[in-house]
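Beneath this line is the structure, given in C-alpha cells, with notes to follow.
Derivation of every value follows stated rules applied to the coordinates shown; laboratory data play no part. In this text, all values refer to a predicted model and were calculated from it rather than measured experimentally. Because the Cβ atoms are built from the backbone with ideal geometry, glycine has one as well, and the counts that use them run over all protein chains shown.
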Amino acid sequence: MFRSSLNSALNVAANSLQAASGGTAVVGENITGANDARYVRRSVRLETNPLGGAQAGGVRWTGTARAFDVFAFANLVGETASRAAAEARTGALVEAEGALAPVSDATLAVAFDDFFAAFDRLGQTPDDPTARATVLSSVDQVAARFVEAANGLNSQRGTLFVEAQAVAREVDDRLAQIARLNSRIAARPDATSGRAELMDQRDALVREVADRIDVSVLSDDDGQVTLLSGGTALLEGGRAARLTVSLDPAQAMTVAVVRGATTVDITGRLSGGRLAGLQEARDLDVASLQTQLDQLAFDFADAVNTAHQGGVDLNGVAGDDFFTDPTGLPFLGADGAAAAFTVRPGLRADPDAIAAATATAPPPGGNDTALAISALATQGLASGRTPGEAFGDLAGDIGRRRVEADADLRLREGTVAFALAEQQKSSGVSLEEELVELSRFQRAFEASTRVLQTIDELMDEVIRSIG
Amino acid sequence: MRVTESIRLADAARWITQTQTKLDRLSAQAATGRAVERPSDGPAAYASIVRRGEQIARLESRQTAMEIARARLELSEGALAASADVMLRAREIATQMADGTFGASDRAAAAIEVELLREEIRAQANARGADGGYLFAGTLTDTEPFDPGGGYLGNGATARVEYAEGQYMASSVTGVDAFAAPGGRDVFADLDALVAALQADDQAGVRASLDTLDAGREQLVAARGGAGVRLGRLESAEGVTDAAVALQLTQRGREQDTDFAAVATELALAQGAYQRALTVTQQLLQLTGSLEPF
C-alpha cells in the first residue's frame, strides 16, 4: 500500500511536471502572438485526476484550449465588411470629386464665367476679331472641362470595375485557402496547438474575405466554417464557390456566385466589403454624377445653340449650332453629352461664323444675339438654374456624398475598433496576464520537481532500509 | 476589462491617425487661406461660393461692357457737341449773310466756308470709335454712314448694353436720328440749302435757313443730351455694380476664406494632441518592451 502510494505520488508529480511544462509552452506561444491581432489566445486544458483506487489525485494536461468567442468574431467580421465598404466608397468619391471639381481654376464654373464674359465683350465689340477669338477660346475651355470631367468619371467607372474584378479574384483565392484549411482542421485532433494555429490562419482569411465581401460565418461541430454572402454559400467545408464580376447590358456591375453550373446574382444583396463599396460608388454615386453632368452639358449646349441659331453672323448668315457631338450633329439627348461635347467643326476656322447680331440689328455692329447668349448666365437653362447654379448643385451633390461617406467611414472605424476590442477581450493576449501565468507554471514546475526529488529520496530511504 | 497588446497598439495607431488627419486639414487651411477648397469641405458653402463666383463674374463682365459702351457714348457725345458747335458757326454766318450790307462776293466766300463746315460735320458724323467702328452707322459699323452727298448708308438699329440685371440701353447713337431727316432735320441738306442760297446771293433764302439751322442744331443738341443721359445712367449703374461686386466678394470671402485666428488656435491644439498621441504611443511601446524578458 505504501509502495503503491509512492508510485501514485510519482505519477502525480510527473503529470504535474508535464502540465507545468505544457503551460509554459502555451504561455510562450501566447507571448509570441501577443502583437498579432489575428492570434487567438491559448490556454492549457487541465483535468483533475480523481482520488481513490490507484489514483492519487493531481492534474494532468489534456490539451490546448483556444479562447475563441464566436459572437465577438462574427461581430468583428460584420464590422470589418462595413468599414471596408465605406473605405472603398470614400476612396472612389475622392477621385470623383477631383474629376468634377478639382482644386484649381480648371473647373466648369470658371469656364462658364469666362464663356459669358467673352460673349459680353463680343456684345460690345461684335466685329472685333480679338473678341471673337476670345469667344472661341472660352468655348474650347467649356468643351474641355465637360470632356475632362466626363472622361474622368468614365475612366473611374472603368477603374472601379477592374478593381472589383481584382477583389473578386482575391476573394476566390482566399476562399480556396480557407477550403484547404477547413479540410486540414477537420483532420487534426481537437485541442492541439497545431489545430489552433490552423484556425487562426483560417479566421484571419475569413476576415480578409469580409474585407472584400460581406459574409456570415457558420461554424460546424468539426471546426470547419461555412461562409454565406447575400444568403448564398461562398464556402462549405472544403468546397469553395467562385465570384464573378461582370457588366449587364446597362453597363451596371453585377456580382455573382458560381458553384458548378449554378450562378446566383447577389448584386442586390451586397451589404459590405470593398465589393459593396465599389459597386455603390460606381453604379450609384458616379453614375448619378455622370447623369447630372450629361444633363448640364445637354441643357447648356441646347440653350446656347437655340440662342445662336436666332442670330446672324458677320457674313449675314443665320447662326448654326455652336456645340455638337464630334460628328457635327446636334445632341439628340443628354446621354453621353458631356463626353461628346464639341465645338461645331468648322467654327474654329471661321470666327466670323459666330452669330452676335440679329436680322433686325444686323452685323457687324448688332449684338443682340451675343447679349442673349450672355444672358443665359442669369436667365437659366431648361432646368431653371443658371449654368453656375447647376454646376454648384452638382458639386454640392458630390460634396454631400463625400461628407456622408467620410462620416460613415469614421463611424465604421470606430465600430471596428470597438468590435476588435471586444474580440480581443476574450481572445487577445495580455502580456501582464501571461507574466503571471508564466510565473505560475514556473512555480508549479519547480514544485513538481521538488515533489519528484522528495519521492525519490523517500524511495531511496525505503530501498536502503529494506537492505 | 482585459486590455491586450493588440488593443493598445491599435488604439495608439488610431489616435495618431486621427490627430494627423486633423493636423493635415488645419495646416492646409492655414497654408492656402481657404476653408473651402473642394465640395467636401462644405457642400452647401461650395455651391454658394460657385453661385457667388458666377454672380461676381457676371457683374465684372457687365462692368467691362459698360466701360466700353461708355467710351463709345463719350466719343459720340463729343462728336455731336462738336457738330452742334459747327452748326452754331454756320448759323452765325447765315445771320451775317442775311444782312443786306453783304454783297454777292461776301456770300460766295461765306458759301465756301459753310461747305467746309458741312464737311467738318460730315467728318464728325463719320467718326470712328476706339475699335475702329463708325459711331453713327447704327449696327453697320463697318460702313461709312454719310456719303459725300450726305446720304445715310447706316441703319436705324443700335447696339445695346446691359446696365442692370435684364435691363438694357442703347450703347450707340444712330446717325440717322442725329443728322438725317428721320430725326427731324437733314443737317447736310440744310447746310447744302444754305450754301446754295449763299452761292445764288439769295438773301431771303439765307434768312430762311436760319430756322432750319436752329432746328438742326437743336436736333444735334438733343441727340447729345440723349447720349449724356445714357452716360449718366451708365455711370450710376457702374457705381451700383461696383458696390454689388464688393458685397459679393465680401460674402464669398466669408464663406471661402480661413478664419486665421480660429485656425491658428485649432492648429495649436491639434499639434499638442498629435504630440501627446506620439508620447503615449512611445510609452506604450516602452511598456511592451519592459515585458520582453518574459
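For chain A, the longest principal axis of the Cα atoms and the long axis of helix A:368-379 meet at an angle of about 30 degrees. Across all directions, the average flat footprint of the convex hull enclosing the Cα atoms of the range A:355-467 is 15.4 nm². Residues considered: B:ALA189, B:ALA264, B:ALA65. Largest GNM mean-square fluctuation over chain B, using C-alpha springs under 10 Å, is found at B:ALA264.
Counting Lys and Arg as +1 and Asp and Glu as -1, what is the net charge of the other residues whose Cβ lies under 15 Å from the Cβ of B:GLN20? After counting each charged neighbour, the total is +1.
Ignore the peptide's own chain and count Cβ atoms of other chains within 10 Å of each Cβ in A:386-397; give me the average, rounded. Display every interim value, and only then the final one.
Numbers: counts 4, 1, 9, 4, 1, 5, 12, 4, 3, 8, 10, 3.
Other-chain Cβ atoms within 10 Å of each residue's Cβ, averaged: 5.
Among A:LEU314, B:LEU285, the ranking by other beta carbons within 10 Å of each residue's beta carbon, starting with the fewest, stands as B:LEU285, A:LEU314. The Cα atoms of the range A:75-163 cover 72, 20, 14 Å along the three principal axes, with the biggest extent listed first. Taken about its Cα centre, the range A:301-395 carries a charge dipole of about 100 debye when Lys and Arg each add +1 at the Cβ and Asp and Glu each add -1 at the Cβ. Among A:SER183, B:SER40, the order by Cβ neighbours within 10 angstrom, fewest to most, reads A:SER183, B:SER40. Entry note, chain B: relative contact order of 29 percent, from Cα contacts under 8 Å with a spacing of 6+ residues. Could you please report the charge total around A:ASP248, scoring K, R as +1 and D, E as -1 over all other residues with beta-carbon less than 11 angstrom from its beta-carbon? Result for the neighbourhood of A:ASP248: -2. Expressed as a fraction of 2.2 N^0.38 Å, the C-alpha radius of gyration for the protein assembly as shown is 1.65.
One Cα centroid belongs to the range A:32-49, the other to the range A:386-435; the line between them spans 32 Å. Here, P(r) means the percent of Cα pairs in each 10 Å bin from 0 to the largest distance; for chain B it is 6, 19, 16, 12, 10, 8, 7, 7, 6, 4, 3, 2, 1, 0. The mean count of C-beta atoms from other chains within 10 Å of the C-beta of residues in B:31-39, rounded to a whole number, is 4. Legend: mean number of C-beta atoms from other chains within 10 angstrom of residue C-beta atoms, peptide B:138-151, equals 3.
Relative to the Cα centre, what is the charge dipole magnitude of the range A:182-258, using +1 at the beta carbon of each Lys and Arg, -1 at the beta carbon of each Asp and Glu, and rounding to the nearest 20 debye? Numbers along the way, then the final one.
Working: 8 positive and 12 negative charges, 48 e Å.
Roughly 240 debye, rounded to the nearest 20.
Computed log10 I(q)/I(0) for the range A:408-467 at 0.25, 0.27 Å⁻¹: -0.95, -0.99, from the Debye equation with unit scatterers placed on every C-alpha and solvent omitted. Over the range A:181-335, all Cα pairs binned in 5 Å intervals from 0 give whole-percent P(r) values of 2, 8, 12, 13, 10, 9, 7, 6, 6, 5, 5, 4, 4, 3, 2, 1, 1, 1, 0, listed from short to long.
Tally Lys/Arg at +1 and Asp/Glu at -1 over every other residue whose Cβ is under 14 Å from the Cβ of B:GLY103; what's the total?
Values: positive: B:ARG107; negative: B:ASP99, B:ASP106, B:ASP201, B:ASP202.
Around B:GLY103, the charge tally is -3.
Placing unit charges on each Cβ (+1 for Lys and Arg, -1 for Asp and Glu) gives the protein assembly as shown a dipole about its Cα centre, and among A:PRO364, A:THR267, B:VAL173 the Cα reaching farthest toward its positive end belongs to A:THR267. Mean residue ellipticity at 222 nm, helices only, the protein assembly as shown: -23000 deg cm²/dmol; runs of at least 4 DSSP H residues each add -39,500 (n - 2.57), and the sum is divided by the number of residues.
Taking the number of Cβ atoms within 10 Å of each Cβ as an exposure proxy, the fewest-first ranking of A:ASP113, A:ASP120, A:ASP283, A:ASP335 is A:ASP335, A:ASP283, A:ASP113, A:ASP120.
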